[in-house]
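The values are calculated or read from the model by the stated rules, or taken from the named source; none is laboratory data. Fair warning: this is a prediction, and the values are worked out from it, not measured in the lab. Virtual Cβ from ideal backbone geometry, glycine too; neighbours counted across all protein chains shown.
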Ligand code: URA
C-alpha cells in the first residue's frame, strides 16, 4: 500500500471529520509507532504503522463496513437530487466511496450494511450465496399456517414472478418473521400481499448471522468488527 497522510488514514479509519482529526493530531492525541505526531500531513505506510488515538489502536483496512439502523424516510441510494439518502448520514469524507448493500424501501427500517467493498456487497446480495435476510413484518391481519406452507413452497407474485422458498413464523404479538434469500423489488411486501396480508411496518433484523445492534438508535451506525463481518456470509 502506498504511503498516505496521517489525517487521511484517520479519516478513512474513523468516523471523525477531517477538521476534527486535524485538531486532535495538533493537540498531541495521536501517536505513530509510539511517537506523538502533531503534523496532519505526516506520511506513513499503513501496513507498517501502529496508529493510536488517545492510546487506543486504530484499525486501518482498505475497505469500510458499517451497520446502519436505517430510519424511515431515507432512500437506499448513494445520491438523489431531491431526497435524502442513507449515505447523507455518514461523514462527508467517507460519502464519495460508500454505498448501501442492497436496498431497503424508503419506509422500511432496520439493518442496512454500508460499505465501499463491491465484491463483499455482491456476495451478500446474490441469491447464489444463500444468505438469509430476516424481517419482522406487521401485517393488517396475522399470518396463518396456510401462509407458512405457501411461503415454504415458494410464493408466486401477482405478476407471475416465482420466489424461492422462504421461511415465515408467527410471533406472539401478531407480527411475523420472514426469512428470504433474495432481494426482489418490494419482495417481502409483495409476498405477504399475495396472501392477502398487506404489510403495515417492515424492519430488517438480520443478515446471515449478523443481527441488528438494537443499541443503535434509528439513524445511527457503527463499524463492524471482524467477527461480525465474517458472520454476515457464514450460513
Ligand atoms: N422487502 C420489501 O418489501 N421491502 C424492503 O424494504 C425489503 C424487503
**The lone exception for residue 115 - which of (1) over 12 Å from the mean Cα position of the chain (by Cα); (2) more than 14 Å from the ligand (Cβ to nearest atom); (3) in contact (Cβ under 8 Å) with a residue 40 or more places away in the chain it fails** = (1)
**Request:** Identify the residue in the range 77-104 that is assigned to a loop (DSSP other than H, G, I, E, B) and touching a helix residue (DSSP H, G or I) at 6+ places or on another chain (Cβ under 6 Å) and, among all such residues, is nearest to residue 28 (Cα to Cα).
**Result:** 93
**Message:** Checking residue 132 against (1) surrounded by fewer than 18 Cβ atoms within 10 Å (Cβ to Cβ); (2) farther than 24 Å from residue 208 by Cα: exactly one of these is not met. Which one?
**Reply:** (2)
**Complete:** Given (1) on the phi < 0 side of the Ramachandran plot; (2) surrounded by 14 or more Cβ atoms within 10 Å (Cβ to Cβ); (3) at pLDDT 95 or above, residue 223 misses just (3)
**Fill in**
Of the residues in the range 87-104, those that are within 14 Å of the ligand (Cβ to nearest atom) and out of contact with any strand residue (DSSP E or B) (no Cβ under 7 Å at 6 or more places or on another chain) number 2
**Message:** Give me the residue from the range 20-60 that is under 26 Å from the mean Cα position of the chain (by Cα) and assigned to a helix (DSSP H, G or I) and, out of that set, surrounded by the most Cβ atoms within 10 Å (Cβ to Cβ).
**Reply:** 21
**Request:** Output the number of residues of the range 118-151 satisfying the condition of being in a loop (DSSP other than H, G, I, E, B), under 17 Å from residue 186 (Cβ atoms) and within 14 Å of the ligand (Cβ to nearest atom).
**Result:** 0
**Request:** Only residues that are buried (at least 18 other Cβ atoms within 10 Å of the Cβ), assigned to a loop (DSSP other than H, G, I, E, B) and free of Cβ contacts under 8 Å to residues at least 60 places away in the same chain: list them for the range 61-75, please.
**Result:** 74
**Asked** Restricting attention to the range 158-212, which residues are closer than 20 Å to residue 68 by Cβ, away from the ligand (no atom under 12 Å from the Cβ) and surrounded by fewer than 18 Cβ atoms within 10 Å (Cβ to Cβ)?
**Response** 209, 211
